Amino acid sequence: MLDYNALAFDYARHRTVHPGVHKELLNCLHHSSMSRVLEVGCGTGNYIWSLAKCVRCNCWGIDSSTEMLDQASQHGDSVSFKIGRAEDLRFDSDFFDLIFTVDVIHHISHCSDYFCSALRVLKPGGLLCTVTDSEWIIRNRSPLSKYFPETVEVELRRYPSIDVLREEMGRAGFSFSGAEMVEFQYTLTDCAPYRAKAYSALHLIAPEAFERGLAQLENDTQSKPVPCTSRYIMLWCIKPSQPMMA
């Protein structure tokens, strides 16, 4: 099992907000400062801080790593952070307008418990957003899967499928409202995030596979910028105003 306390510093240095994810989260809030928003598995807090800054809404973040939260708290005091588990959200019922996770669902041991807990603390009509990777995205990550192909099978074992997630959301009582892929293209000129293993899958492959992929990536970036594409699937659900019939 990975020690995310040990990874916190490198995550804070190298992980950034995906523009497409950020835009869609902002759109669903309608720039309302009255909204209450919770990021589950907030890590170093990039997303929840960005929403708090743009919307000035009431924001909370929970994570199981004390070091991740220490990094998140360095941004200021306009977001409330607390240690917590996704499966046991210790907030009042019918409290939040939006709960979201970004690239976290595969770290949650019992997704069904998380969805049930999220349903309880969301207001009727509140939104749940699960930002994750599909099998296709994992197989086509660029540059990760291209230079470190050993990560593909590792990640496919970790990530629940989109169909499984939709089924568990429905079982918890959510009404599924849609899925969308967001995409961001950029060029890589510095391999520092990969050298620091700021992507957890790089800790899960053999050292020789990592070194081989890093050497090729560094060689290519020295020749010219490497084109990259970052993609996510955003799954949206609504808490019905009335309990769904069995």
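Any read-out appearing in this document is the output of simple, stated calculations on the displayed coordinates, not a laboratory observation. Keep in mind it's a predicted model, so treat the numbers as computed, not measured. Please note: Cβ atoms are built from the backbone with ideal geometry, for glycine as well, and neighbour counts cover all protein chains shown.
Restricting to the range 215-239, name every residue that is touching a helix residue (DSSP H, G or I) at 6+ places or on another chain (Cβ under 6 Å) and either within 20 Å of Ala8 (Cα to Cα) or assigned to a helix (DSSP H, G or I) (or both). Answer for the range 215-239, where residues must be touching a helix residue (DSSP H, G or I) at 6+ places or on another chain (Cβ under 6 Å) and either within 20 Å of Ala8 (Cα to Cα) or assigned to a helix (DSSP H, G or I) (or both): Gln216, Leu217. For Glu208, the conditions (1) within 18 Å of Ser117 (Cα to Cα); (2) of a type in the set (D, E, K, R); (3) free of Cβ contacts under 8 Å to residues at least 60 places away in the same chain are fulfilled apart from (1). Just give me the residues in the range 194-205 being assigned to a helix (DSSP H, G or I), over 17 Å from the mean Cα position of the chain (by Cα) and touching a residue at least 60 places away in the same chain (Cβ under 8 Å), in sequence order. Within the range 194-205, His203 is the sole residue that qualifies.
In the range 172-191, the residues that are over 21 Å from Cys111 (Cβ atoms) reach residues that are crowded, with 17+ Cβ neighbours inside 10 Å and small (Gly, Ala, Ser) with C-beta atoms within less than 7 angstrom, at least six apart or across chains, in these pairs: Val182/Gly20; Glu183/Gly20; Phe184/Gly20; Phe184/Ser230.
Among residues of the range 103-121 that are touching a residue at least 60 places away in the same chain (Cβ under 8 Å), those with a Cβ under 7 angstrom from a residue that is in a helix (DSSP H, G or I) and of a type in the set (D, E, K, R), sequence gap 6+ or separate chain, pair up as Ser112/Glu168; Ser112/Arg171.
The range 136-193 holds helices (runs of 4 or more DSSP H) entirely within its bounds, and those carrying 3 or more residues that are farther than 30 Å from Lys123 by Cα map to 144-147, 150-158. So which residues in the range 81-126 are under 14 Å from the mean Cα position of the chain (by Cα) and of a type in the set (Phe, Trp, Tyr), if there are any at all? Of everything in the range 81-126, just one residue is under 14 Å from the mean Cα position of the chain (by Cα) and of a type in the set (Phe, Trp, Tyr), namely Phe100. Of all residues in the range 1-16, those that are of a type in the set (S, T, N, Q) have Cβ atoms under 6 Å from Cβ atoms of residues that are buried (at least 18 other Cβ atoms within 10 Å of the Cβ), 6 or more apart or on another chain, in Asn5/Ser65; Asn5/Glu67. In the range 35-55, how many are closer than 19 Å to Ser93 by Cβ, surrounded by fewer than 24 Cβ atoms within 10 Å (Cβ to Cβ) and either among the hydroxyl-bearing types (Ser, Thr, Tyr) or within 11 Å of the chain's Cα centre (by Cα) (or both)? Going through the range 35-55 one residue at a time, the tally reaches 1. Here Tyr147, Tyr159 are screened, and the one residue that is aromatic (Phe, Trp, Tyr), within 30 Å of Phe210 (Cβ to Cβ) and touching a Ser or Thr at 6+ places or on another chain (Cβ under 7 Å) is Tyr159.
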